[in-house]
Amino acid sequence: MNKQKIIEYFNKNAKDIYKWRDRNSYYYNDLKSFFCFNIEKNSKVLEIGSGSGELLDAVNSRVGFGMDLSSEVIKISQEKYPQLKFIYGDIDKELNIDEKFDYIILSDLIGYLEDIQTSFENLKKVCHDRSRIIVTQYNNIWWPILKFGEHIGLKQKQPITNWISRGDIINLFDLAGFEVIKNGKRLLFPKYIPLISFLLNKIVANLPLINHLCLVEYFTLRQKSKKSNADYLVSVIIPARNEKGNIEDAVKRIPAMGKNVEIIFVEGNSNDNTWEEIKRVADKYGSVKDIKYFKQEGKGKYDAVKKGFANSHGDILMILDADLTVQPEVLPKFYEVISRGKAEYVQGTRLIYPMEGQAMRFLNYLANKFFGFAFSWLLGQYITDTLCGTKVLFKHDYEKIAQARKFFGDFDPFGDFDLIFGADKLNLKIVELPIHYKDRQYGSTNISRFRHGIILFQMLYVGIKKFKLF
C-alpha cells in the first residue's frame with residue numbers, strides 16, 4: 001500500500017465527498033445510528049479518519065476532534081462544522097495530540113492502515129482507563145460486491161486497501177494491548193427500498209447464521225487492564241423478604257474485602273419477623289460489622305436493591321440474595337475481578353458447576369439456559385446466566401445506568417435486565433464468575449415461575465427493540 005497515493009487520491013476527490021455520501025445516505029445514516037447508540041452524549045470524542053465530519057457531528061459530543069490524512073478534506077469539514085476541530089495526522093505515526101478521549105472512532109479506516117498493530121499502539125496516548133474504541137469495517141465476503149458497485153458507479157472508487165478477517169483483526173488488537181468487549185455485524189442490504197430495507201436489515205439480518213453475511217462488522221475495545229488490587233470501600237446490598245432464618249448467617253459469613261465492607265439490608269414487608277431479626281442482628285454485631293437497614297416502601301427485589309444502592313457509601317456495589325444459595329464466602333472473588341480491572345460488571349453464573357440438590361428446578365434451569373443464549377445473541381457479549389442474583393459493579397457506573405433508565409423503561413422487578421442492559425449500553429466489560437449454587441436452608445422462593453416468566457419475555461422484547469431494531 002502506497003500512503004502517498006492514498007493521500008493524493010483523497011485530496012483529488014475531496015470536492016465529491018458529500019456527493020457520494022448523499023448517494024449512499026442509507027448506509028451512512030445507519031452508521032450514524034450505530035455510533036449515536038454506542039456513544040454517550042456530551043462525551044469527549046476523537047475520530048481518526050474523520051472524512052466529511054458528518055459522523056463526528058452526529059454523536060453530539062462535548063468535545064469533537066477529527067483527524068484525517070487529507071488536507072483538502074479537512075478544509076471542507078472544518079468549514080461545514082466550525083464547532084468541531086479537525087487536524088492533519090497519520091495514525092501510523094506518532095499522534096500529535098496531548099488530550100485523552102472517552103470514545104475514539106475508526107469507521108471504515110482499518111483497510112487504509114499500513115501497520116494496524118502500531119496504529120493501535122499509538123492510540124494509547126489518547127486513551128484513559130475508561131476509554132472505548134469503536135471500530136467498523138467491511139465484511140470480507142462483500143469484497144466482490146463492493147468492487148462491482150464501484151465498477152457500475154454505485155460506490156466511489158477506492159484505492160487498494162487491506163481486507164482483514166475478523167480473527168486476524170482481533171489478534172492484532174490483542175497484540176497492541178486491547179481487548180474486544182463486544183463485536184457483531186449489521187446491515188444486510190445497504191440501499192433504501194421502503195419496507196424491504198427494514199425487513200432485511202432489522203429482522204432478517206439479526207437472525208443467526210444470516211447475520212454473518214452482513215456488510216458492516218463492528219468491534220468495541222478497551223485497553224487491557226494493568227491495575228493492581230486497589231482498596232475500595234464495598235457495599236453489600238441484601239434484599240430480604242421472609243428470610244428471618246438467614247439474616248444472622250449472612251452477617252457472620254460475609255468476608256472482609258477492600259478498605260471496609262458495609263452490609264445493607266432492605267426488608268420487603270415480610271410476615272415472618274425478618275425486620276425484627278435484622279434489628280436484633282445489627283445490635284448484636286454492630287460493634288464489629290458496619291450494618292445498616294431500611295424498610296422497603298415499594299415492591300419487588302429491584303426496588304429493594306435500588307433503595308440499598310441509594311443509601312450506600314461504597315465504591316463497589318454487590319448484590320447478595322438473602323437466601324444464601326450463592327455463598328457469601330465467594331464475594332472476594334468478585335471483588336478481585338472488578339478491583340483489578342478485569343471487568344467493570346461482574347455477575348455470577350450458576351450453570352457451570354453441578355448444583356446442590358433442588359437448588360434450581362428443571363423448568364427454571366431450562367429458562368436460564370434459554371435467556372442466556374438469547375442475551376448473548378442480543379448483546380454481543382457471552383452470557384450464560386442472566387438471572388443469577390449476585391451482581392457487582394462500581395457505584396459510578398450504576399449511577400450512569402440509573403440516569404439512562406428511561407431509555408429501556410423502568411419495569412424490571414428483578415433488576416437483572418436493567419443492570420445488564422445498562423452495562424452493555426455503557427460498553428462496560430461484562431464478565432461472569434462461576435459459583436456453586438446451594439440449596440436454600442430456610443424459607444421458600446419468592447419467584448413465581450409463570451407470572452415472572454411473562455415479565456422476562458417482556459424484557460427480552462424490549463431488548464430486541466432497543467438493541468436490534470435501532
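Since every read-out is calculated from the coordinates, none of them should be taken as a lab result. What you are looking at is a predicted structure, and each value in this text was computed from that prediction instead of being measured. Counting neighbours? That spans all protein chains shown, and the Cβs are built from the backbone with ideal geometry, glycine included.
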Restricting attention to the alpha-carbon atoms of the stretch 157-255, what are Rg (one decimal) and Dmax (integer), both in Å? 23.8, 72
Treat the count of other C-beta atoms within 10 Å as a stand-in for reagent exposure and order 437, 461, 232 from fewest to most. 461, 232, 437
For the chain, the charge dipole (Cβ of Lys, Arg +1; Cβ of Asp, Glu -1; about the Cα centre) points to a positive end, and the Cα of 421, 408, 372 closest to that extreme belongs to 408
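Using a/c under 1.5 as the rounded threshold, could you call the stretch 3-223 rounded, prolate or oblate? The axes a ≥ b ≥ c are square roots of the C-alpha gyration tensor eigenvalues, and prolate needs a/b larger than b/c, oblate otherwise.
On the way: a/c = 1.38, a/b = 1.18, b/c = 1.17.
Judged from the Cα gyration tensor, the stretch 3-223 comes out rounded (a/c under 1.5).
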Three principal axis lengths of the chain [C-alpha, angstrom, descending]: 79, 46, 36
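Antiparallel DSSP bridges in the chain: what percent, to the nearest 5? Each step should come with its number before you reach the end.
Details: 21 of 63 bridges.
Antiparallel bridges: around 35 percent, rounded to the nearest 5.
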Place a point 7 Å from the Cα of residue 154 in the direction of its beta carbon; the residues of the stretch 30-74 whose amide N falls under 18 Å from it are 30-31
How big is the dipole moment of the chain about its Cα centre under a simple scheme where the beta carbon of each Lys and Arg is +1, that of each Asp and Glu is -1, and everything else is neutral? Debye, nearest 20, please. 800 debye
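Find, to one decimal place in angstroms, the Kirkwood hydrodynamic radius of the stretch 233-467, where the mean of 1/r is taken over every pair of different Cα atoms and then inverted.
When all Cα pairs of the stretch 233-467 are included, the Kirkwood radius is 17.9 Å.
Percent antiparallel among DSSP beta bridges with both residues in the stretch 3-223, to the nearest 5?
Antiparallel: roughly 40 percent of the beta bridges in the stretch 3-223.
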Give me the aspartates and glutamates in straight-line cross-link reach of residue 3: C-alpha distance below 14 Å, same-chain residues under 8 apart excluded. 68, 90, 92, 114, 115
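How much length is gained if the chain between residue 329 and residue 23 is pulled fully straight, taking 0.36 nm per residue apart and subtracting their Cα-Cα distance, in nm to one decimal?
Contour length minus Cα-Cα distance gives 104.1 nm.
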The summed charge of the residue 175 Cβ neighbourhood (under 14 Å; Lys/Arg +1, Asp/Glu -1) stands at -3
Rounded to whole Hz and in sequence order, give me ³J(HN,Hα) for the stretch 101-111 from the Karplus expression 6.51 cos²θ - 1.76 cosθ + 1.60, θ = phi - 60°, writing x for Gly and Pro. 10, 6, 10, 10, 9, 10, 10, 6, 10, 3, x
Just to be sure I understand the model, the point goes 7 Å from the Cα along the line to the Cβ. What's the resulting residue 299 to residue 179 distance in nm? 4.1 nm
Using 12 Å as the cut-off for backbone N distance, which residues of the stretch 1-32 belong to the label zone defined by a point 7 Å from the Cα of residue 162 along Cα→Cβ? 1
Computed Rg/Rh for the stretch 11-139 (Cα atoms; Rh = Kirkwood radius) stands at 0.93
Hey, what's the per residue convex hull volume over the C-alpha atoms of the stretch 130-179, in cubic angstrom? 99 Å³
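Could you order peptides 256-266, 79-89 by the average number of other Cβ atoms within 10 Å of their residues, highest first? The partial results should precede the final answer.
Working: 256-266: 19.8, 79-89: 14.9.
Per-residue mean Cβ counts within 10 Å order the peptides as 256-266, 79-89.
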In debye, nearest 20, what is the charge dipole magnitude of the stretch 3-223 about its Cα centre with +1 on Lys and Arg Cβ and -1 on Asp and Glu Cβ, if you could check? 660 debye
Going highest first, how would you order 212-224, 143-155 by mean Cβ packing within 10 Å? 212-224, 143-155
What percent do you get for the relative contact order of the chain when only Cα pairs under 8 Å and 6+ apart count? 12 percent
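Among 279, 307, which comes first, second and so on when ranked by fewest other beta-carbon atoms within 10 Å? Present the calculation step by step, with values, prior to reporting the outcome.
On the way: 279 15, 307 20.
In increasing order of surrounding Cβ atoms, one gets 279, 307.
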Calculated from DSSP H runs of 4 or more alone, at -39500 (n - 2.57) each and per residue, what is the 222 nm mean residue ellipticity of the chain, nearest 500? -10500 deg cm²/dmol
